[in-house]
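The structure follows.
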Amino acid sequence: MSDFMVFLKRFVSNPGRVGSVIPSSRFLCRQMTKQVPWSQANVIVELGPGTGVFTQAILAKKRKDAQFFVVERDPQFRKLLRQRFPDLIIRDEATNLTRYLSELKLPKADVIISGLPFAVFPETLRTAVLDNVIGSLAPGGMFVTFQYSLQMKAELMRRFDRVQVSFTPLNVPPAFVYTCFMKP
Ligand SMILES: C[S@@+](CC[C@H](N)C(=O)[O-])C[C@H]1O[C@@H](n2cnc3c(N)ncnc32)[C@H](O)[C@@H]1O
């Protein structure tokens with residue numbers, strides 16, 4: 001089955017968690033990974049990898065000795081990720097992120113890259129995930145997320161020291177990339 005068909009099926013089965021009918025484009029992937037300081041990132045986490053568009057890029061760009069794991073709640077996506085990336089460490093719920101870091105005996109993350117559809121999450125879930133992100137980032141750490149609107153801008157600006165927003169018109173649908181920095 002093509003990635004598009006897998007995505008469409010997962011969206012139909014749970015639109016409020018998958019949040020999109022197709023995987024992100026290479027244009028969005030490039031924008032999401034562009035600002036990451038790869039040579040300095042020791043611990044990297046990806047939230048909501050879906051079919052693994054960003055995962056593939058992260059694996060290609062990260063330092064060989066950098067620690068990396070992904071968090072994906074959908075069992076079909078997890079199965080596909082295991083087939084595609086046999087050595088990948090996979091966990092299943094973004095609201096448990098701080099717990100996963102301590103279970104894996106890792107320090108706080110330098111970089112968290114997220115594909116989570118915050119705009120369609122209920123407020124309690126959005127708050128719980130963002131609390132976990134903030135609680136899991138090292139000082140000076142970076143959180144990169146994309147959304148199809150500017151709805152999250154005020155909340156991210158309130159929670160982070162600095163937020164940069166860029167626009168990727170060539171994605172379907174066009175997307176905003178938020179790059180958020182913790183205080184050093
Ligand atoms: C819009 S898709 C993005 C997929 C992929 N990153 C991309 O850009 O093509 C959102 C993904 O987040 C996952 N997801 C939603 N809620 C989650 C949660 N609470 N914990 C972990 N993953 C979650 C969905 O299953 C889906 O794979």
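The values are calculated or read from the model by the stated rules, or taken from the named source; none is laboratory data. None of these values were measured; they are calculated from a predicted model. Reconstructed Cβ throughout: ideal geometry from the backbone, glycine too, with neighbour counts over all protein chains shown.
Keeping to the range 1-55, report how many residues are within 17 Å of the chain's Cα centre (by Cα) and acidic (Asp, Glu).
1
Condition check: modelled with pLDDT of 95 or more and within 10 Å of the ligand (Cβ to nearest atom). Does ARG10 satisfy that?
no
A quick yes/no check of all residues on (1) without any contact (Cβ under 8 Å) to a residue 40 or more places away in the chain; (2) farther than 24 Å from GLY16 by Cα:
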site	(1), (2)
ASP110	no, yes
GLY115	no, no
ALA128	yes, no
ASN132	yes, no
GLY135	yes, yes
PRO139	no, yes
MET142	no, yes
GLN151	yes, no
PHE167	yes, no
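So the check is Cβ under 9 Å with 6+ separation or different chains; which pairs have a first residue in the range 71-92 that's in contact (Cβ under 8 Å) with a residue 60 or more places away in the chain and a second one that's more than 9 Å from the ligand (Cβ to nearest atom)?
The qualifying pairs are ASP74/SER13; GLN76/VAL6; GLN76/LYS9; GLN76/SER13; PHE77/VAL6; LEU80/VAL6.
What is the residue count in the range 1-17 for residues that are surrounded by 15 or more Cβ atoms within 10 Å (Cβ to Cβ) and aromatic (Phe, Trp, Tyr)?
The number of residues fulfilling the criteria is 2.
Provide a single number: the residues in the range 119-153 that are among the hydrophobic types (A, V, I, L, M, F, W, C) and loosely packed, with under 15 Cβ neighbours inside 10 Å.
Final tally of qualifying residues: 2.
May I pose another question? Among residues belonging to the range 18-50 that are more than 6 Å from the ligand (Cβ to nearest atom) and among the hydroxyl-bearing types (Ser, Thr, Tyr), point out the one that is surrounded by the fewest Cβ atoms within 10 Å (Cβ to Cβ).
Within the range 18-50, the match that is surrounded by the fewest Cβ atoms within 10 Å (Cβ to Cβ) is SER39.
Name the residues in the range 87-122 that are more than 14 Å from the ligand (Cβ to nearest atom) and either in a helix (DSSP H, G or I) or among the polar types (S, T, N, Q) (or both), would you?
Selection gives LEU101, SER102, GLU103.
Now, a different point. Pairs needed: first member in the range 46-66, more than 28 Å from PHE11 (Cβ to Cβ); second member anywhere, within 16 Å of the ligand (Cβ to nearest atom) and modelled with pLDDT of 95 or more; C-beta distance under 6 Å; at least 6 residues apart or different chains.
Sorted first by the residue in the range 46-66, then by its partner, the pairs are LYS62/ILE44; LYS62/PHE68; ALA66/ILE44.
Regarding ARG73, is this residue within 15 Å of the ligand (Cβ to nearest atom), in contact with a Lys or Arg (Cβ under 9 Å, 6 or more places away or on another chain) and farther than 19 Å from LEU28 by Cβ?
Yes: the conditions hold for ARG73.
Quick test for you: out of ALA57, ALA66, pick the one residue that is under 21 Å from THR168 (Cα atoms) and either modelled with pLDDT of 95 or more or more than 9 Å from the ligand (Cβ to nearest atom) (or both).
ALA57
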